[in-house]
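These notes are about the structure you will find just below.
The values are calculated or read from the model by the stated rules, or taken from the named source; none is laboratory data. Because the structure is predicted, anything quoted here is derived from the model rather than measured. In this analysis, Cβ positions are derived from the backbone assuming ideal geometry, glycine residues included, and neighbour counts consider all displayed protein chains.
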Amino acid sequence: MALAADFQLILDALPPDWSDLEVDLRIDDESRYVDGAVFVSMVNAQVYNHPGAWHWRLIVAHTFGHAAAAETVHGVLAKLDAEGIAGELRVAEVREGRSEIVPGWGRPESVREEFRQRRAI
């Protein structure tokens, strides 16, 4: 199955309140490693330094955080598919139930209330 389709299946299986997702990516043909690295660098993939193991870790954010957006990761994996770079994905870790913390000092109560409603868990 294509990497983008696999990733979409992973996203569909996540609970609605997921916040962070870490996915390991391994490509089948290691001679295409440099080609794949060019694409996954767009989502700031972390490189594994163990030969024969997983090649990259992709860190994905749902609605906030310091990670790549799920839509962007899906697009990068679709580019790998289009280039004929096959591989597999493995979910390494899922974090859920977190909410963004934003200082509310100096903001009107209406803004703070709207933020609480949008980020309610």
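Listing for the model above:
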quantity	calculated
Positions within region 1-59 being among the polar types (S, T, N, Q) and part of a helix (DSSP H, G or I), in sequence order	GLN8, SER31, SER41
Tally, over region 40-52, of residues that are closer than 25 Å to ALA13 by Cα and either of a type in the set (Gly, Ala, Ser) or surrounded by 15 or more Cβ atoms within 10 Å (Cβ to Cβ) (or both)	3
Some residue of region 54-61 being modelled with pLDDT under 95, in contact with a Lys or Arg (Cβ under 6 Å, 6 or more places away or on another chain) and under 20 Å from GLU22 (Cβ atoms)	yes
